[in-house]
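Step one of this worksheet: look at the structure below.
Where a number appears in this text, it was derived from the coordinates with a stated rule and is not lab data. None of the values given here were measured: they were computed from a predicted structure. Glycine gets a Cβ as well: all are built from the backbone with ideal geometry, and neighbour counts include every protein chain shown.
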Amino acid sequence: MLDEWNWTVGEVVAPFGIAGEVKVRIESDFPDRFKRLKEVCLRPRTGEPKLFTVERARLHKRAALLKLRGIATVEDADLWRGAWVQVRRTDAVRLPDGSFYVSDLVGMEVVTAQGRALGTLDAVLNYPAQDLLQIGSILIPMVREFVVEVDTVRRRIVVSPPPGLLPEEGPEVVAE
């Protein structure tokens, strides 16, 4: 039953106060989601995960503070330090068209517009200018100019990188 509670939205970093609240480092682009939580699964790095009813949730500085039924003391809260705070994937915030969760993209096949297979997407690296698609040692900026299509049904990303960006495709050399 708890297998479906696998969408990580935060990590318990410490107890907060004396009433058993837990302080959560937010791992979501949507911090306000914490205010609407009814239930969460706390999944420790070792040991068994447990489902909790959220009695109260609030944002404090850059963290979420959760009061969970069954956690009543600082000592109770401290037992969950380091646990992932998870919700069901079906409870993920719906994104606008053309936006994707990184976890939905990782593992997709990446091909060029000409049909050349580049491999599977290993990671999406976050950089200030733009995200980069990492396929092995290949890095492709994730911008509309180079990412032609993201097909979540076929689990395929079609790219059209500029000349010289892919291995075995060096810049043209003009002989004199």
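Note on L166 and T73: their simple-model spin labels are 6.3 nm apart, each label 7 Å out from Cα toward Cβ.
For region 2-91, a simple Cβ point-charge model (Lys and Arg +1, Asp and Glu -1, everything else neutral) yields a dipole of about 320 debye relative to the Cα centre. For the pair A92 and E145, the difference between a 0.36 nm per residue extended length and the Cα-Cα distance amounts to 16.3 nm.
What separates the Cα centres of region 1-47 and region 56-133 is a distance of 12 Å.
Look at the alpha carbon pairs under 8 Å that are at least 6 residues apart: their mean separation over the length of the chain gives a relative contact order of 18 percent.
Using a cutoff of 8 angstrom between alpha carbon atoms and counting only pairs six or more residues apart, the relative contact order for region 2-91 works out to 42 percent. With the charge dipole of the chain set up from +1 on Lys and Arg Cβ and -1 on Asp and Glu Cβ about the Cα centre, the Cα lying farthest toward the positive end among the listed residues G47, V110, I140 is that of G47. Whole-Hz Karplus values for region 149-161 come out as 8, 10, 9, 6, 6, 7, 6, 9, 10, 9, 10, 9, x Hz, taken residue by residue from phi with 6.51 cos²θ - 1.76 cosθ + 1.60 and θ = phi - 60°; glycine and proline positions read x.
By the count of other C-beta atoms within 10 Å, a proxy for reagent exposure, V40, V153, V110 are ordered fewest to most as V153, V110, V40. Under the simplified labelling scheme, the D29-T120 pair shows an inter-label distance of 2.4 nm, with each label point 7 Å from Cα along Cα→Cβ.
Based on C-alpha pairs under 8 angstrom that are at least 6 apart in sequence, region 102-159 has a relative contact order of 32 percent. Expressed as a whole percent, the proportion of Cα-Cα pairs in region 102-159 lying more than 14 Å apart is 49%. Rounded to the nearest 20 debye, the dipole size of region 102-159 about its Cα centre is 140 debye, using +1 on the Cβ of Lys and Arg and -1 on the Cβ of Asp and Glu.
Quarter the surface of the alpha carbon convex hull of the chain and you get the mean projected area, 13.5 square nanometres. Of all DSSP beta bridges confined to region 102-159, the antiparallel ones make up roughly 80%.
Shown here for region 22-105: trypsin sites (Lys or Arg not before Pro) in loop regions (DSSP other than H, G, I, E, B) with at most 10 other Cβ atoms within 10 Å, namely K38, R45, K61, R62, R94. Ordering P31, A123, A83 by Cα displacement along the dipole of region 1-134 toward the positive end leaves P31 in first place; charges were set at the Cβ atoms of Lys, Arg (+1) and Asp, Glu (-1).
For K38, the lysines whose Cα falls under 17 Å of its own Cα, not counting residues fewer than eight places away in the same chain, are K23, K50, K67.
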